[in-house]
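K.L.:
If you scroll down you'll find the structure; I have some questions about it.
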Amino acid sequence: MIKHYVHEAGTSVVLDTGVLIGSAVTQYIYYRKPDGVTSGTWTASLFSSYSQIAGATGTYFVSHTLAAGDLDQPGEWRFQAYVAAIGGTWWGELSKINIYDLYE
């Protein structure tokens, strides 16, 4: 398993929604930092690949490429996809990942 570290940049956060979202007009990745208080959103792009949840290939994913200041705290980060289309709005399942401090 690959470890990820604070201040990492260039890595993509990719979330599988399990439903086709090719008609989405707005998509975000919501996050909550390890302090449990600070939260926010990153604008996301649509991403096509094979979805293990859906068992098919298509536009099931949202993606955000990390900038240097995005992951600024070590600990458990929480991510959740949000997608809006003309027909409604949807939330993906919660994803958690541990971000390590340097030299851990």
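K.L.:
Pull out all pairs, ordered by first then second residue, where Cβ-Cβ is under 7 Å, the residues are six or more apart or on different chains, the first lies in segment 82-104 and is closer than 14 Å to Ile53 by Cβ, and the second is of a type in the set (Lys, Arg) and in a strand (DSSP E or B).
P.N.:
Going by the 7 Å Cβ cut-off, the qualifying pairs are Leu94/Arg78.
K.L.:
I've got another one for you. When segment 10-37 is examined, which residues are found to be loosely packed, with under 15 Cβ neighbours inside 10 Å, of a type in the set (Gly, Ala, Ser) and either without any contact (Cβ under 8 Å) to a residue 40 or more places away in the chain or closer than 22 Å to Ala54 by Cα (or both)?
P.N.:
Passing the criteria: Ser12, Gly22, Ser23, Gly36.
K.L.:
Could I ask something else about it? If you check Leu102 against the conditions, is it part of a loop (DSSP other than H, G, I, E, B) and not small (Gly, Ala, Ser)? Before you say what the answer is, go through the steps one by one.
P.N.:
Values: part of a loop (DSSP other than H, G, I, E, B): yes; not small (Gly, Ala, Ser): yes.
Answer is yes for this residue.
K.L.:
Taking only segment 38-77 into account, find how many residues are over 14 Å from Ser12 (Cβ atoms), small (Gly, Ala, Ser) and touching a residue at least 12 places away in the same chain (Cβ under 8 Å). Spell out how you get there, then give the answer.
P.N.:
Residues of segment 38-77 over 14 Å from Ser12 (Cβ atoms): 38-41, 50-60, 68-69, 72-77.
From the residues that got through so far, the ones that are small (Gly, Ala, Ser) too are 39-40, 51, 54-56, 58, 68-69, 75.
Now restrict to residues that are touching a residue at least 12 places away in the same chain (Cβ under 8 Å): 51, 54, 58, 68-69, 75.
So the answer is 6.
K.L.:
Consider Ile2 against the criteria (1) surrounded by fewer than 17 Cβ atoms within 10 Å (Cβ to Cβ); (2) assigned to a strand (DSSP E or B): it satisfies all of them except one. Which criterion is unmet?
P.N.:
Failing condition for Ile2: (2).
K.L.:
For segment 31-44, does any single residue satisfy the condition of being of a type in the set (Val, Ile, Thr) and touching a Leu at 6+ places or on another chain (Cβ under 6 Å)? Working first, answer last.
P.N.:
So in segment 31-44, the residues of a type in the set (Val, Ile, Thr) come out as 37-38, 41, 43.
Now restrict to residues that are touching a Leu at 6+ places or on another chain (Cβ under 6 Å): none.
For segment 31-44, residues of a type in the set (Val, Ile, Thr) and touching a Leu at 6+ places or on another chain (Cβ under 6 Å): absent.
K.L.:
Working only within segment 49-104, note down all residues that are among the aromatic types (Phe, Trp, Tyr), within 17 Å of the chain's Cα centre (by Cα) and exposed (fewer than 14 other Cβ atoms within 10 Å of the Cβ).
P.N.:
Residues of segment 49-104 that are among the aromatic types (Phe, Trp, Tyr), as a first pass: 50, 60-61, 77, 79, 82, 90-91, 100, 103.
Filter once more, so that each one left must be within 17 Å of the chain's Cα centre (by Cα): 50, 60-61, 77, 79, 82, 90-91.
Tyr50, Trp91, listed by residue number.
Every number in this text was worked out from the coordinates using simple rules, so none of it is lab data. The structure displayed is predicted, hence computed values, not measured ones. Glycine also receives a Cβ, built like all others from the backbone with ideal geometry; neighbour counts cover every protein chain displayed.
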